[in-house]
Amino acid sequence: MQTLNYPNVQETLYREVLDNGLEVIVLPKEGFNKTYATFATKYGSVDNRFSVGNEPPVKVPDGIAHFLEHKMFEEPTGDIFAIFASQGASANAFTSFDRTVYLFSATEQINANLETLINFVQNPYFTDANVEKEKGIIEQEINMYRDNADWRVYFGLIDALYHEHPVHIDIAGTVDSIRQIDKETLYRCYETFYHPSNMLLFVVGGVTAEEVFELVRKNQSSKSFKPQGDIKRYFENEPVSVKIPRKVTELPVSLPKCMLGFKEKDANLEGEALLRQEVTTKLMLDALIGSSSKLYQQLYESDLISDSFGHEFNSSTGYAFSVIGGDTPNPDELIKQIRLGVEAVLAAGIEPEAFERSKRKKIGGYLRMLNSPESIAGEFTRYRFRDSNLFDLLYLYESCTLNEVNARLREHFDFEQLAVSIVKQPSA
(Lines give C-alpha, C1' and ligand atoms only; values in the text may rest on other atoms or scores of the structure.)
Protein backbone atom coordinates (compact mmCIF):
# COMPACT_ATOMS: atom_id res chain seq x y z
CA MET A 1 0.00 0.00 0.00
CA GLN A 2 1.41 3.36 -1.08
CA THR A 3 0.82 6.53 0.96
CA LEU A 4 0.35 9.78 -0.98
CA ASN A 5 0.57 12.94 1.12
CA TYR A 6 -0.72 16.35 -0.02
CA PRO A 7 0.14 18.67 2.88
CA ASN A 8 -0.97 21.83 1.06
CA VAL A 9 -4.58 20.58 1.14
CA GLN A 10 -4.13 18.41 4.26
CA GLU A 11 -5.16 15.19 2.55
CA THR A 12 -3.60 11.71 2.56
CA LEU A 13 -4.48 9.08 -0.03
CA TYR A 14 -3.69 5.37 0.03
CA ARG A 15 -3.08 3.52 -3.23
CA GLU A 16 -2.53 -0.03 -4.34
CA VAL A 17 -2.45 -1.72 -7.74
CA LEU A 18 -3.60 -5.33 -7.49
CA ASP A 19 -2.07 -8.24 -9.40
CA ASN A 20 -4.84 -8.08 -12.01
CA GLY A 21 -4.05 -4.42 -12.70
CA LEU A 22 -6.95 -2.84 -10.78
CA GLU A 23 -5.97 0.48 -9.20
CA VAL A 24 -7.56 1.13 -5.81
CA ILE A 25 -7.32 4.53 -4.10
CA VAL A 26 -8.80 5.35 -0.70
CA LEU A 27 -9.22 8.79 0.88
CA PRO A 28 -10.32 8.49 4.52
CA LYS A 29 -12.14 11.59 5.83
CA GLU A 30 -12.11 11.59 9.61
CA GLY A 31 -15.39 12.68 11.15
CA PHE A 32 -17.46 12.08 8.00
CA ASN A 33 -20.35 9.63 8.23
CA LYS A 34 -21.09 9.30 4.54
CA THR A 35 -18.93 7.28 2.15
CA TYR A 36 -18.82 7.59 -1.63
CA ALA A 37 -17.35 4.94 -3.86
CA THR A 38 -16.83 5.09 -7.63
CA PHE A 39 -15.86 2.16 -9.83
CA ALA A 40 -14.78 3.71 -13.12
CA THR A 41 -13.49 2.58 -16.48
CA LYS A 42 -11.49 4.73 -18.85
CA TYR A 43 -14.09 4.23 -21.54
CA GLY A 44 -16.45 6.83 -22.94
CA SER A 45 -18.52 7.76 -25.94
CA VAL A 46 -15.50 8.79 -28.06
CA ASP A 47 -13.92 5.32 -27.87
CA ASN A 48 -15.64 3.85 -30.91
CA ARG A 49 -12.53 2.59 -32.76
CA PHE A 50 -9.88 0.62 -30.90
CA SER A 51 -7.60 -2.39 -30.76
CA VAL A 52 -5.97 -4.47 -28.02
CA GLY A 53 -2.36 -5.57 -28.21
CA ASN A 54 -1.52 -6.61 -31.77
CA GLU A 55 -5.13 -7.16 -32.86
CA PRO A 56 -6.45 -5.17 -35.84
CA PRO A 57 -8.64 -2.13 -35.04
CA VAL A 58 -12.39 -2.59 -34.76
CA LYS A 59 -15.12 0.03 -35.25
CA VAL A 60 -18.20 -0.26 -33.03
CA PRO A 61 -21.54 1.57 -33.19
CA ASP A 62 -21.82 5.01 -31.62
CA GLY A 63 -23.46 5.04 -28.20
CA ILE A 64 -22.22 1.63 -27.13
CA ALA A 65 -20.43 2.86 -23.97
CA HIS A 66 -23.70 4.40 -22.76
CA PHE A 67 -25.60 1.24 -23.79
CA LEU A 68 -23.19 -0.86 -21.74
CA GLU A 69 -23.72 1.36 -18.72
CA HIS A 70 -27.47 0.73 -18.92
CA LYS A 71 -27.06 -3.03 -19.34
CA MET A 72 -24.66 -3.45 -16.43
CA PHE A 73 -27.46 -2.88 -13.92
CA GLU A 74 -29.37 -5.91 -15.19
CA GLU A 75 -28.56 -9.12 -13.35
CA PRO A 76 -30.26 -12.54 -13.50
CA THR A 77 -30.78 -12.27 -9.73
CA GLY A 78 -32.75 -9.04 -9.94
CA ASP A 79 -32.52 -5.27 -9.80
CA ILE A 80 -29.16 -3.95 -8.56
CA PHE A 81 -30.74 -0.65 -7.49
CA ALA A 82 -33.07 -2.57 -5.16
CA ILE A 83 -30.13 -4.41 -3.61
CA PHE A 84 -28.30 -1.14 -2.93
CA ALA A 85 -31.48 0.38 -1.46
CA SER A 86 -31.94 -2.61 0.86
CA GLN A 87 -28.40 -1.95 2.12
CA GLY A 88 -29.08 1.73 2.81
CA ALA A 89 -27.23 3.01 -0.27
CA SER A 90 -28.09 5.27 -3.17
CA ALA A 91 -26.56 4.09 -6.46
CA ASN A 92 -26.13 5.66 -9.86
CA ALA A 93 -23.95 5.68 -12.99
CA PHE A 94 -23.04 7.97 -15.87
CA THR A 95 -21.19 7.93 -19.17
CA SER A 96 -19.20 10.92 -20.41
CA PHE A 97 -16.99 11.48 -23.43
CA ASP A 98 -14.05 9.62 -21.90
CA ARG A 99 -15.20 7.59 -18.87
CA THR A 100 -18.00 5.48 -17.43
CA VAL A 101 -18.56 5.64 -13.68
CA TYR A 102 -20.64 3.45 -11.33
CA LEU A 103 -21.12 4.79 -7.83
CA PHE A 104 -22.92 4.60 -4.53
CA SER A 105 -23.21 6.72 -1.40
CA ALA A 106 -24.07 5.31 2.01
CA THR A 107 -23.70 5.82 5.75
CA GLU A 108 -24.09 2.14 6.65
CA GLN A 109 -23.16 -1.34 5.40
CA ILE A 110 -20.20 0.10 3.49
CA ASN A 111 -18.49 -3.26 3.05
CA ALA A 112 -21.66 -4.90 1.72
CA ASN A 113 -22.20 -2.04 -0.71
CA LEU A 114 -18.59 -2.15 -1.90
CA GLU A 115 -18.95 -5.88 -2.59
CA THR A 116 -22.18 -5.21 -4.48
CA LEU A 117 -20.60 -2.42 -6.54
CA ILE A 118 -17.55 -4.45 -7.53
CA ASN A 119 -19.45 -7.66 -8.20
CA PHE A 120 -22.20 -6.30 -10.42
CA VAL A 121 -19.75 -4.29 -12.57
CA GLN A 122 -17.60 -7.39 -12.97
CA ASN A 123 -20.53 -9.65 -13.82
CA PRO A 124 -22.02 -8.71 -17.20
CA TYR A 125 -25.29 -10.34 -18.19
CA PHE A 126 -26.22 -9.79 -21.82
CA THR A 127 -28.75 -11.86 -23.74
CA ASP A 128 -30.22 -11.35 -27.18
CA ALA A 129 -33.59 -10.64 -25.59
CA ASN A 130 -32.46 -8.10 -22.99
CA VAL A 131 -30.28 -6.29 -25.53
CA GLU A 132 -33.23 -5.90 -27.91
CA LYS A 133 -35.40 -4.67 -25.05
CA GLU A 134 -32.79 -2.07 -24.10
CA LYS A 135 -32.73 -0.67 -27.63
CA GLY A 136 -36.32 0.45 -27.23
CA ILE A 137 -35.59 2.09 -23.89
CA ILE A 138 -32.58 4.00 -25.22
CA GLU A 139 -34.44 5.01 -28.38
CA GLN A 140 -37.02 6.67 -26.11
CA GLU A 141 -34.21 8.41 -24.22
CA ILE A 142 -32.64 9.67 -27.45
CA ASN A 143 -35.99 10.96 -28.70
CA MET A 144 -36.66 12.64 -25.36
CA TYR A 145 -33.37 14.53 -25.54
CA ARG A 146 -34.15 15.59 -29.10
CA ASP A 147 -36.95 17.68 -27.60
CA ASN A 148 -34.72 19.09 -24.85
CA ALA A 149 -33.62 22.58 -25.89
CA ASP A 150 -30.67 22.77 -23.46
CA TRP A 151 -29.32 19.45 -24.74
CA ARG A 152 -29.82 20.41 -28.38
CA VAL A 153 -28.11 23.80 -28.10
CA TYR A 154 -25.10 22.25 -26.30
CA PHE A 155 -24.57 19.27 -28.59
CA GLY A 156 -25.48 21.44 -31.56
CA LEU A 157 -22.48 23.59 -30.64
CA ILE A 158 -20.10 20.62 -30.37
CA ASP A 159 -21.38 19.31 -33.69
CA ALA A 160 -20.71 22.73 -35.23
CA LEU A 161 -17.16 22.77 -33.83
CA TYR A 162 -15.96 19.30 -34.84
CA HIS A 163 -15.77 17.65 -38.27
CA GLU A 164 -14.47 14.15 -37.48
CA HIS A 165 -13.71 13.70 -33.79
CA PRO A 166 -16.42 11.55 -32.15
CA VAL A 167 -16.84 14.11 -29.37
CA HIS A 168 -19.43 15.71 -31.67
CA ILE A 169 -21.60 12.57 -31.57
CA ASP A 170 -24.31 12.37 -28.90
CA ILE A 171 -23.15 10.24 -25.95
CA ALA A 172 -26.23 8.03 -26.36
CA GLY A 173 -25.55 7.59 -30.08
CA THR A 174 -28.34 7.72 -32.64
CA VAL A 175 -31.40 5.57 -33.17
CA ASP A 176 -29.68 4.02 -36.20
CA SER A 177 -26.40 3.34 -34.39
CA ILE A 178 -27.91 1.63 -31.35
CA ARG A 179 -29.98 -0.63 -33.62
CA GLN A 180 -26.63 -2.08 -34.81
CA ILE A 181 -25.60 -3.12 -31.29
CA ASP A 182 -25.77 -6.82 -30.44
CA LYS A 183 -24.79 -9.05 -27.54
CA GLU A 184 -21.46 -10.06 -29.09
CA THR A 185 -20.36 -6.44 -29.64
CA LEU A 186 -21.29 -5.56 -26.07
CA TYR A 187 -19.17 -8.41 -24.74
CA ARG A 188 -16.28 -7.37 -27.00
CA CYS A 189 -16.34 -3.82 -25.62
CA TYR A 190 -16.87 -5.02 -22.07
CA GLU A 191 -13.93 -7.43 -22.17
CA THR A 192 -11.70 -4.72 -23.62
CA PHE A 193 -12.55 -1.72 -21.46
CA TYR A 194 -13.83 -3.33 -18.25
CA HIS A 195 -10.64 -5.26 -17.68
CA PRO A 196 -9.33 -4.40 -14.17
CA SER A 197 -6.18 -2.88 -15.68
CA ASN A 198 -8.34 -0.17 -17.31
CA MET A 199 -10.34 0.58 -14.16
CA LEU A 200 -10.09 2.53 -10.92
CA LEU A 201 -11.91 1.97 -7.64
CA PHE A 202 -11.97 5.15 -5.56
CA VAL A 203 -13.43 5.31 -2.05
CA VAL A 204 -13.73 8.49 0.02
CA GLY A 205 -15.36 9.22 3.36
CA GLY A 206 -15.74 7.53 6.73
CA VAL A 207 -13.63 4.45 5.97
CA THR A 208 -10.38 2.85 7.06
CA ALA A 209 -7.96 2.36 4.19
CA GLU A 210 -6.64 -1.05 5.22
CA GLU A 211 -10.16 -2.41 5.69
CA VAL A 212 -11.09 -1.34 2.15
CA PHE A 213 -7.93 -2.85 0.67
CA GLU A 214 -8.46 -6.10 2.57
CA LEU A 215 -12.00 -6.40 1.20
CA VAL A 216 -10.97 -5.62 -2.39
CA ARG A 217 -7.95 -7.96 -2.33
CA LYS A 218 -10.12 -10.82 -1.10
CA ASN A 219 -12.83 -10.05 -3.63
CA GLN A 220 -10.45 -9.92 -6.59
CA SER A 221 -8.47 -13.01 -5.56
CA SER A 222 -11.63 -15.10 -6.05
CA LYS A 223 -11.91 -14.02 -9.71
CA SER A 224 -9.72 -14.65 -12.73
CA PHE A 225 -8.98 -12.21 -15.55
CA LYS A 226 -6.89 -12.97 -18.59
CA PRO A 227 -3.88 -10.68 -19.03
CA GLN A 228 -4.62 -7.96 -21.57
CA GLY A 229 -2.42 -5.97 -23.92
CA ASP A 230 -2.48 -2.21 -24.22
CA ILE A 231 -5.66 -0.60 -25.51
CA LYS A 232 -5.09 1.63 -28.53
CA ARG A 233 -7.69 4.22 -29.50
CA TYR A 234 -7.95 5.51 -33.07
CA PHE A 235 -9.34 8.84 -34.23
CA GLU A 236 -9.67 10.44 -37.64
CA ASN A 237 -7.53 13.52 -38.27
CA GLU A 238 -9.51 16.52 -37.08
CA PRO A 239 -9.15 19.74 -39.11
CA VAL A 240 -8.18 22.83 -37.13
CA SER A 241 -11.16 24.78 -38.47
CA VAL A 242 -14.70 24.64 -37.12
CA LYS A 243 -17.16 22.57 -39.15
CA ILE A 244 -20.10 25.00 -39.22
CA PRO A 245 -19.77 28.64 -38.03
CA ARG A 246 -23.49 28.86 -37.25
CA LYS A 247 -26.03 26.14 -36.46
CA VAL A 248 -29.71 26.94 -35.87
CA THR A 249 -32.21 24.44 -34.48
CA GLU A 250 -35.93 25.14 -34.35
CA LEU A 251 -37.87 23.97 -31.29
CA PRO A 252 -40.90 25.36 -29.42
CA VAL A 253 -39.05 27.39 -26.75
CA SER A 254 -40.33 30.35 -24.76
CA LEU A 255 -36.96 32.11 -25.12
CA PRO A 256 -34.13 31.44 -27.60
CA LYS A 257 -30.97 29.72 -26.39
CA CYS A 258 -27.55 30.72 -27.70
CA MET A 259 -24.12 29.21 -27.12
CA LEU A 260 -20.76 30.33 -28.50
CA GLY A 261 -17.82 27.97 -28.59
CA PHE A 262 -14.13 28.45 -29.34
CA LYS A 263 -12.33 25.37 -30.63
CA GLU A 264 -8.78 24.84 -29.42
CA LYS A 265 -6.21 24.67 -32.22
CA ASP A 266 -3.81 22.41 -30.34
CA ALA A 267 -5.74 19.69 -28.52
CA ASN A 268 -2.95 17.17 -28.05
CA LEU A 269 -1.85 18.12 -24.54
CA GLU A 270 -1.47 15.48 -21.85
CA GLY A 271 -0.94 15.21 -18.11
CA GLU A 272 0.26 18.33 -16.32
CA ALA A 273 0.23 20.45 -19.50
CA LEU A 274 -3.46 19.59 -20.02
CA LEU A 275 -4.23 20.39 -16.39
CA ARG A 276 -2.41 23.74 -16.56
CA GLN A 277 -4.32 24.63 -19.72
CA GLU A 278 -7.59 23.89 -17.92
CA VAL A 279 -6.66 25.98 -14.88
CA THR A 280 -5.50 29.03 -16.85
CA THR A 281 -8.51 28.86 -19.18
CA LYS A 282 -11.04 28.61 -16.36
CA LEU A 283 -9.39 31.53 -14.57
CA MET A 284 -9.36 33.53 -17.80
CA LEU A 285 -13.02 32.82 -18.57
CA ASP A 286 -14.15 33.76 -15.08
CA ALA A 287 -12.20 37.04 -15.15
CA LEU A 288 -13.50 37.81 -18.64
CA ILE A 289 -17.15 36.83 -18.45
CA GLY A 290 -17.88 35.42 -14.99
CA SER A 291 -20.75 36.81 -12.93
CA SER A 292 -18.49 39.46 -11.32
CA SER A 293 -17.00 40.71 -14.60
CA LYS A 294 -17.77 44.00 -16.31
CA LEU A 295 -18.84 42.22 -19.49
CA TYR A 296 -21.32 40.03 -17.63
CA GLN A 297 -22.82 43.09 -15.89
CA GLN A 298 -23.14 44.94 -19.19
CA LEU A 299 -24.94 42.01 -20.80
CA TYR A 300 -27.19 41.57 -17.78
CA GLU A 301 -28.13 45.25 -17.55
CA SER A 302 -28.92 45.21 -21.27
CA ASP A 303 -31.40 42.36 -20.63
CA LEU A 304 -29.47 40.16 -23.06
CA ILE A 305 -28.81 37.43 -20.48
CA SER A 306 -30.35 35.93 -17.36
CA ASP A 307 -29.13 33.76 -14.50
CA SER A 308 -28.95 30.87 -16.99
CA PHE A 309 -25.90 32.46 -18.61
CA GLY A 310 -22.61 30.73 -17.91
CA HIS A 311 -19.37 29.35 -19.28
CA GLU A 312 -17.24 26.22 -19.16
CA PHE A 313 -14.10 24.70 -20.64
CA ASN A 314 -14.18 21.07 -21.73
CA SER A 315 -10.87 19.41 -22.54
CA SER A 316 -9.17 16.07 -22.93
CA THR A 317 -6.36 14.75 -25.11
CA GLY A 318 -7.79 15.10 -28.62
CA TYR A 319 -10.32 17.87 -28.10
CA ALA A 320 -10.76 21.11 -26.17
CA PHE A 321 -13.33 23.90 -26.43
CA SER A 322 -14.95 26.66 -24.40
CA VAL A 323 -18.70 27.23 -24.12
CA ILE A 324 -20.34 30.58 -23.37
CA GLY A 325 -24.07 31.29 -23.36
CA GLY A 326 -27.58 30.69 -22.09
CA ASP A 327 -31.10 32.01 -22.65
CA THR A 328 -31.40 35.31 -24.49
CA PRO A 329 -34.18 37.30 -26.18
CA ASN A 330 -31.80 38.33 -28.98
CA PRO A 331 -29.11 35.79 -29.97
CA ASP A 332 -27.52 37.94 -32.67
CA GLU A 333 -27.19 40.96 -30.41
CA LEU A 334 -25.75 38.77 -27.67
CA ILE A 335 -23.15 37.36 -30.08
CA LYS A 336 -22.27 40.88 -31.23
CA GLN A 337 -21.87 42.26 -27.69
CA ILE A 338 -19.81 39.29 -26.50
CA ARG A 339 -17.51 39.71 -29.48
CA LEU A 340 -17.11 43.44 -28.81
CA GLY A 341 -16.44 42.76 -25.14
CA VAL A 342 -13.85 40.08 -25.86
CA GLU A 343 -12.12 42.27 -28.44
CA ALA A 344 -11.89 45.12 -25.92
CA VAL A 345 -10.26 42.85 -23.33
CA LEU A 346 -7.96 41.37 -25.97
CA ALA A 347 -6.71 44.89 -26.69
CA ALA A 348 -6.30 45.99 -23.07
CA GLY A 349 -5.70 42.72 -21.25
CA ILE A 350 -7.51 41.41 -18.18
CA GLU A 351 -7.43 43.92 -15.32
CA PRO A 352 -5.28 42.88 -12.33
CA GLU A 353 -8.21 43.35 -9.93
CA ALA A 354 -10.44 41.08 -12.02
CA PHE A 355 -7.70 38.45 -12.19
CA GLU A 356 -7.08 38.48 -8.43
CA ARG A 357 -10.82 38.30 -7.71
CA SER A 358 -11.24 35.29 -10.01
CA LYS A 359 -8.17 33.63 -8.55
CA ARG A 360 -9.50 33.95 -4.98
CA LYS A 361 -12.91 32.71 -6.16
CA LYS A 362 -11.44 29.62 -7.83
CA ILE A 363 -9.24 28.77 -4.84
CA GLY A 364 -12.16 29.22 -2.45
CA GLY A 365 -14.42 27.02 -4.56
CA TYR A 366 -11.75 24.36 -4.77
CA LEU A 367 -11.18 24.29 -1.00
CA ARG A 368 -14.94 24.06 -0.37
CA MET A 369 -15.10 21.16 -2.80
CA LEU A 370 -12.51 19.28 -0.74
CA ASN A 371 -14.98 19.31 2.17
CA SER A 372 -17.46 17.36 0.07
CA PRO A 373 -16.67 13.64 -0.39
CA GLU A 374 -19.36 13.56 -3.09
CA SER A 375 -17.62 16.27 -5.11
CA ILE A 376 -14.20 14.67 -4.64
CA ALA A 377 -15.57 11.31 -5.79
CA GLY A 378 -17.12 12.93 -8.84
CA GLU A 379 -13.95 14.71 -9.90
CA PHE A 380 -11.10 12.40 -8.90
CA THR A 381 -11.35 9.86 -11.72
CA ARG A 382 -11.75 12.60 -14.33
CA TYR A 383 -8.28 13.90 -13.52
CA ARG A 384 -6.76 10.49 -12.84
CA PHE A 385 -7.74 9.17 -16.26
CA ARG A 386 -6.06 12.19 -17.85
CA ASP A 387 -2.75 11.47 -16.09
CA SER A 388 -3.17 14.43 -13.76
CA ASN A 389 -4.19 14.92 -10.15
CA LEU A 390 -7.14 16.66 -8.51
CA PHE A 391 -4.93 17.57 -5.56
CA ASP A 392 -2.47 19.53 -7.71
CA LEU A 393 -5.10 22.14 -8.55
CA LEU A 394 -4.46 24.36 -5.53
CA TYR A 395 -0.79 24.79 -6.39
CA LEU A 396 -1.64 25.53 -10.03
CA TYR A 397 -4.25 28.14 -9.11
CA GLU A 398 -1.91 29.78 -6.59
CA SER A 399 1.05 29.87 -8.99
CA CYS A 400 -0.93 31.12 -12.00
CA THR A 401 0.05 34.65 -13.05
CA LEU A 402 -1.76 37.48 -14.81
CA ASN A 403 0.73 37.30 -17.69
CA GLU A 404 -0.04 33.59 -18.12
CA VAL A 405 -3.79 34.22 -18.16
CA ASN A 406 -3.49 37.10 -20.64
CA ALA A 407 -1.36 34.92 -22.91
CA ARG A 408 -4.04 32.24 -22.69
CA LEU A 409 -6.70 34.84 -23.53
CA ARG A 410 -4.92 35.81 -26.73
CA GLU A 411 -4.24 32.19 -27.64
CA HIS A 412 -7.79 30.94 -27.12
CA PHE A 413 -9.99 33.72 -28.49
CA ASP A 414 -9.39 33.40 -32.21
CA PHE A 415 -12.64 34.32 -33.96
CA GLU A 416 -11.74 32.01 -36.83
CA GLN A 417 -12.26 29.24 -34.27
CA LEU A 418 -15.73 30.42 -33.24
CA ALA A 419 -18.95 28.47 -33.79
CA VAL A 420 -22.42 29.41 -32.64
CA SER A 421 -25.43 27.21 -31.80
CA ILE A 422 -28.92 28.71 -31.51
CA VAL A 423 -32.23 27.10 -30.56
CA LYS A 424 -35.25 29.24 -31.38
CA GLN A 425 -38.94 29.13 -32.18
CA PRO A 426 -39.80 27.73 -35.62
CA SER A 427 -40.08 30.40 -38.29
CA ALA A 428 -43.63 31.53 -39.04
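The values are calculated or read from the model by the stated rules, or taken from the named source; none is laboratory data. Owing to the predicted nature of the structure, the values given are computational and were not obtained by experimental measurement. Reconstructed Cβ throughout: ideal geometry from the backbone, glycine too, with neighbour counts over all protein chains shown.
For the structure I just gave you, tell me whether Phe120 is surrounded by 19 or more Cβ atoms within 10 Å (Cβ to Cβ) and touching a Lys or Arg at 6+ places or on another chain (Cβ under 8 Å).
Numbers: surrounded by 19 or more Cβ atoms within 10 Å (Cβ to Cβ): yes; touching a Lys or Arg at 6+ places or on another chain (Cβ under 8 Å): no.
Considered against the rule, which asks whether it is surrounded by 19 or more Cβ atoms within 10 Å (Cβ to Cβ) and touching a Lys or Arg at 6+ places or on another chain (Cβ under 8 Å), Phe120 comes out as no.
Would you check if there is a residue in region 274-289 being in a loop (DSSP other than H, G, I, E, B), over 20 Å from Ser399 (Cβ atoms) and touching a residue at least 40 places away in the same chain (Cβ under 8 Å)?
For region 274-289, residues in a loop (DSSP other than H, G, I, E, B), over 20 Å from Ser399 (Cβ atoms) and touching a residue at least 40 places away in the same chain (Cβ under 8 Å): absent.
Considering every residue within region 12-22, establish whether at least one is of a type in the set (S, T, N, Q), part of a loop (DSSP other than H, G, I, E, B) and either surrounded by fewer than 17 Cβ atoms within 10 Å (Cβ to Cβ) or touching a His at 6+ places or on another chain (Cβ under 7 Å) (or both). Explain how you work it out, then say what you get.
Step one: list which residues in region 12-22 are of a type in the set (S, T, N, Q), which gives 12, 20.
The next check asks that each one be part of a loop (DSSP other than H, G, I, E, B); those that pass are 20.
From what's left, either surrounded by fewer than 17 Cβ atoms within 10 Å (Cβ to Cβ) or touching a His at 6+ places or on another chain (Cβ under 7 Å) (or both): none.
Scanning region 12-22, I find no residue that is of a type in the set (S, T, N, Q), part of a loop (DSSP other than H, G, I, E, B) and either surrounded by fewer than 17 Cβ atoms within 10 Å (Cβ to Cβ) or touching a His at 6+ places or on another chain (Cβ under 7 Å) (or both), so the answer is no.
Of the residues Ala377, Ala354, which is of a type in the set (Gly, Ala, Ser), under 18 Å from the mean Cα position of the chain (by Cα) and more than 22 Å from Lys424 (Cα to Cα)?
On the way: Ala354 fails: under 18 Å from the mean Cα position of the chain (by Cα).
From the options Ala377, Ala354, the qualifying one is Ala377.
Are any residues in region 16-42 under 23 Å from the mean Cα position of the chain (by Cα) and of a type outside the set (A, V, I, L, M, F, W, C), and if so, which ones?
Within region 16-42, Glu23, Thr35, Tyr36, Thr38, Thr41, Lys42 meet the criteria.
Conditions tested, residue by residue: (1) at pLDDT 95 or above; (2) in the same structural domain as Gly364 (by TED's automatic domain parsing); (3) over 26 Å from Ser358 (Cβ atoms).
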site: Ser241; (1), (2), (3): yes, no, yes
site: Ser254; (1), (2), (3): no, yes, yes
site: Lys257; (1), (2), (3): yes, yes, no
site: Glu264; (1), (2), (3): yes, yes, no
site: Ala267; (1), (2), (3): no, yes, no
site: Glu272; (1), (2), (3): no, yes, no
site: Leu283; (1), (2), (3): yes, yes, no
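So which of Ser358, Ser427, Ser388 ends up being surrounded by 17 or more Cβ atoms within 10 Å (Cβ to Cβ), polar (S, T, N, Q) and closer than 30 Å to Asn330 by Cβ?
None of the other options fit; the residue is Ser358.
Hey, among Ser241, Ser291, Ser316, which residue is surrounded by fewer than 22 Cβ atoms within 10 Å (Cβ to Cβ), farther than 22 Å from Asp414 by Cβ and under 27 Å from the mean Cα position of the chain (by Cα)?
After applying the criteria, what remains is Ser291.
Surrounded by fewer than 19 Cβ atoms within 10 Å (Cβ to Cβ) and either part of a helix (DSSP H, G or I) or among the polar types (S, T, N, Q) (or both): is that true of Tyr145 in this structure?
Details: surrounded by fewer than 19 Cβ atoms within 10 Å (Cβ to Cβ): yes; either part of a helix (DSSP H, G or I) or among the polar types (S, T, N, Q) (or both): yes.
Against the criterion (surrounded by fewer than 19 Cβ atoms within 10 Å (Cβ to Cβ) and either part of a helix (DSSP H, G or I) or among the polar types (S, T, N, Q) (or both)), Tyr145 qualifies.
Write out, first by first residue and then by second, each pair whose Cβ atoms fall under 8 Å of each other, whose residues are 6+ apart or on separate chains, and whose first residue, in region 147-163, is touching a residue at least 12 places away in the same chain (Cβ under 8 Å) while the second is surrounded by fewer than 19 Cβ atoms within 10 Å (Cβ to Cβ) and of a type in the set (Lys, Arg).
Arg152/Arg146; Asp159/Lys243; Ala160/Lys243; Ala160/Arg246; Leu161/Lys243; Tyr162/Lys243; His163/Lys243
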